[in-house]
Amino acid sequence: MDKSDDRHDRGQKPLKRQLIVTGATGELGSGILRVALSQHDIDLVIATSRSRPINETSDKLVKLENLDL
């Protein structure tokens, strides 16, 4: 049993899960982004893209577009 389950059993808020997806407009990144946004146990997704716009939308999505790292 992980810690998030233990906290939930004691009446506390479960731990929030956050994810950073780099390359969110590529073949693999866009698939990971879609799946992550559909998961109820992930509360925040930060997605980055260098050149193309990120087409997904969600209240838990933060887009960082046109990055030149």
Q) How much length is gained if the chain between Arg17 and Glu65 is pulled fully straight, taking 0.36 nm per residue apart and subtracting their Cα-Cα distance, in nm to one decimal? A) 15.1 nm
Q: Leaving ligands, DNA and RNA out of it, report the carbon-plus-sulfur percent of the accessible area of region 7-69 at a 1.4 Å probe.
A: 50 percent
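The values are calculated or read from the model by the stated rules, or taken from the named source; none is laboratory data. These numbers were taken from a predicted model, which means no experiment stands behind them. Surface areas here come from the heavy atoms of the whole protein model, side chains and all, with no ligands, DNA or RNA. Shrake-Rupley method; radii C 1.70, N 1.55, O 1.52, S 1.80 Å.
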